[in-house]
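Notes follow the structure.
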Amino acid sequence: MDPRISRLRRKLAAIPFQPLRSHSFGEEQHKFCLGPKLAEARVAAFEAERDIVLPDAYRQFLTHIGGSGAGPFYGLMPLEQCSLMVMNPRGEPGTPRGFNGTDPKAHGRDLFLHIIEMGCTDVCVIAVTGPLIGRVLIGNSDGFWGPNVSSATDFLDWYERWLNHMSAGRDNRALELTSPRLRAHPNRHRMAPKI
């Protein structure tokens, strides 16, 4: 088991009780609660059905921490609701690329698994094949913005960054965190830093 697992459990358990933490968009939905951990057999069956291998850090989260719930935005979706996506082909230079759902057996392009509900047509995905494997990306399925590839090396690092920034009371637009200072300001919608 990855040594970060126990640290993440402790940090997540402490977050709701920190008075000066940032507000995480969608926290009212998951209330920092996780769904049950997933059995290895259940994860293996999901992988076999879609002919993919989940990135190890994400797999460890599902099997050792929780299978859904607490996470950035509206939280981690149950594995059965996660869908495979491909990034749209490159268009005109400088135009953002969106994501489309794909048939699980339609390989040949890099595959991404939609893992976190963001709302509207925004998506949070993890790369399951290709050069970005294991990295988390945030974008818009219609290509209105993004995609933004996280600098975190894997899912556990990305999840810990969310917890650390929230605990420190930081603003982070990429993770939809709002500091207590910004939430208290009457013109907060104009002050949020662009990332």
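Test of understanding: among 98, 108, 94, which residue is modelled with pLDDT under 95, over 16 Å from the mean Cα position of the chain (by Cα) and surrounded by 17 or more Cβ atoms within 10 Å (Cβ to Cβ)?
Answer to the check: 98.
Filter segment 40-70 down to the residues that are in contact with a Ser or Thr (Cβ under 8 Å, 6 or more places away or on another chain) and open to solvent by 60 Å² or more (accessible area, probe 1.4 Å) and list them by number.
40
Restricting to segment 127-150, name every residue that is open to solvent by 70 Å² or more (accessible area, probe 1.4 Å) and either modelled with pLDDT under 85 or within 15 Å of residue 57 (Cβ to Cβ) (or both).
133, 142, 144, 145
Please go through (1) in a helix (DSSP H, G or I); (2) over 28 Å from residue 54 (Cβ atoms); (3) modelled with pLDDT of 80 or more for residue 170 and return the number of the only condition it doesn't satisfy.
Of the numbered conditions (1) in a helix (DSSP H, G or I); (2) over 28 Å from residue 54 (Cβ atoms); (3) modelled with pLDDT of 80 or more, the odd one out for residue 170 is (1).
Do we have any residue at all in segment 8-28 that's among the small types (Gly, Ala, Ser), over 14 Å from the mean Cα position of the chain (by Cα), over 25 Å from residue 130 (Cβ atoms) and crowded, with 18+ Cβ neighbours inside 10 Å?
Yes: segment 8-28 contains one or more residues that are among the small types (Gly, Ala, Ser), over 14 Å from the mean Cα position of the chain (by Cα), over 25 Å from residue 130 (Cβ atoms) and crowded, with 18+ Cβ neighbours inside 10 Å.
The values are calculated or read from the model by the stated rules, or taken from the named source; none is laboratory data. Computed from a prediction, not measured in an experiment: that's the story for all the values here. All Cβ positions, even for glycine, are placed from backbone atoms using ideal geometry, and neighbour counts span all protein chains on display. Calculation scope for accessible area: heavy atoms of the full protein, side chains included, ligands and nucleic acids excluded. Shrake-Rupley method; radii C 1.70, N 1.55, O 1.52, S 1.80 Å.
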